[in-house]
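The values are calculated or read from the model by the stated rules, or taken from the named source; none is laboratory data. As the structure is a computational prediction, the values presented were derived from the model and not from experiment. Positions of Cβ are generated from backbone atoms using ideal geometry, with glycine treated the same way; all protein chains shown enter the neighbour counts.
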2 protein chains.
Amino acid sequence: MKPIEIIADAVLRERNKMNLSVSALSKKANIAKSTLSQLEQGIGNPSIETLWAIANALGIPVSALIEKPKSRNHLIRANEGLIVLSEQKNYIATLLSACPQNARRDIYRLNVEIGNPKISSPHPIGTIEHLIISNGKALAGPIDAPVELYPGDYFTYSADVPHIFEALEPDTNAMLVIECT
Amino acid sequence: MKPIEIIADAVLRERNKMNLSVSALSKKANIAKSTLSQLEQGIGNPSIETLWAIANALGIPVSALIEKPKSRNHLIRANEGLIVLSEQKNYIATLLSACPQNARRDIYRLNVEIGNPKISSPHPIGTIEHLIISNGKALAGPIDAPVELYPGDYFTYSADVPHIFEALEPDTNAMLVIECT
DNA sequence: ATGGTCTGTTCTTTATATCGAACATATGTT
DNA sequence: AACATATGTTCGATATAAAGAACAGACCAT
């Protein structure tokens, strides 16, 4: 896929998400609306300054416009997964996710009690969350496709859409790795 | 900081890292070396196709050229268990470790039974391991300074020396994040 | 309907990014 | 020394991205 096509799609998508017209966005970004119109049609070869202006006006990083959205949701149950290190039979290491190039991965611990579900608003485009349940039971994932998770389960999903975490048992604990490219 | 300056710095830095000359890189990327030369001087306003070609030739994503290097003093470390996300009282997120630049972080799940300690030989220099105990009890860390860990504990240590993981209780589970820079 | 304000498109003009060649300097070879 | 092959630079010609205006269509008001 050529860069211009990715950008064309991304700009259109983000602009619609923001409910902005071509004119409004071009004005906000201080570029000609003809430039923006052609860009969305996949015509030409925009300069970095143009992309920068558009991304700023949209309140997103430039990389959100040039990286193609990737990754599907993936669930690995407690007893599943590729075992990669097993020199000893009492020590099992399962690779859940290899880090893609140039990704940043921050590590969190979650302590959640039964109550209102935690609804997170979308993170920047391309953001992925990795969730591993340590204790308890949770309903988590994209808000339109959450999954029931038990201790040991590993679930990764796109976090650039609204997503949910709800404890279904008291004292539910989890590891959360937030990955942004 | 203007985008062209960020790009100029990034291209020069990555090119040197790859031990490529201006001529060599321009040839690899199929662009005029004058274009590359001026770009590295911070002159002009490169097009996305030019950046794309350069990034491809360097084997890095375009975003690596346009993302400004993260300031290293802006993040409060989580070593004291700083709570960073707490909009709801029943949901506590604790930042354990923010990802440094250019690090790769692979995610593993460990299932370990009581028995011989697992002794891992040194990983490449700079490798760091992050360990979070989900269940059971473990003795883990560098072989000369292991620590007793209980569920919920987070321990990070240099893995470029021999290190150990020993289950002290049956059915000990942990999350392991291996980070190499 | 008639004017007004939107929508996004297609023009022309101008500014400039890219190319390729010519240009210096430097390092090494015979 | 003279030559060869690197390095990165600057130059003029050309392609083209961007700006701005003109454009057609949709929608709402009076």
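No other residue among B:ILE119, B:ILE128, B:ILE178 is β-branched (Val, Ile, Thr), loosely packed, with under 15 Cβ neighbours inside 10 Å and more than 17 Å from A:ASN173 (Cβ to Cβ) apart from B:ILE119. Restricted to the range A:39-59, and to residues there that are within 11 Å of another protein chain (Cβ to nearest Cβ) and away from DNA strand D (no atom under 12 Å from the Cβ), the residue that is surrounded by the fewest Cβ atoms within 10 Å (Cβ to Cβ) is A:ASN56.
For A:LEU110, the conditions (1) at pLDDT 80 or above; (2) touching a strand residue (DSSP E or B) at 6+ places or on another chain (Cβ under 8 Å); (3) crowded, with 21+ Cβ neighbours inside 10 Å all hold with the exception of (1). Within the range A:136-155, being part of a strand (DSSP E or B) and surrounded by 21 or more Cβ atoms within 10 Å (Cβ to Cβ) holds for A:ALA138, A:ALA140, A:GLY141, A:LEU149, A:TYR154, A:PHE155. Checking each residue in the range A:156-172 for being among the hydrophobic types (A, V, I, L, M, F, W, C) and either within 26 Å of B:THR172 (Cα to Cα) or buried (at least 20 other Cβ atoms within 10 Å of the Cβ) (or both) picks out A:ALA159, A:PHE165, A:ALA167, A:LEU168.
Applying the condition of being part of a loop (DSSP other than H, G, I, E, B) and under 24 Å from B:LEU65 (Cβ atoms) to the range A:2-53 and asking which residue is nearest to the chain's Cα centre (by Cα) yields A:LYS2. Inside the range A:7-38, residues that are within 12 Å of DNA strand C (Cβ to nearest atom) and away from chain B (no Cβ under 14 Å) make up a count of 19.
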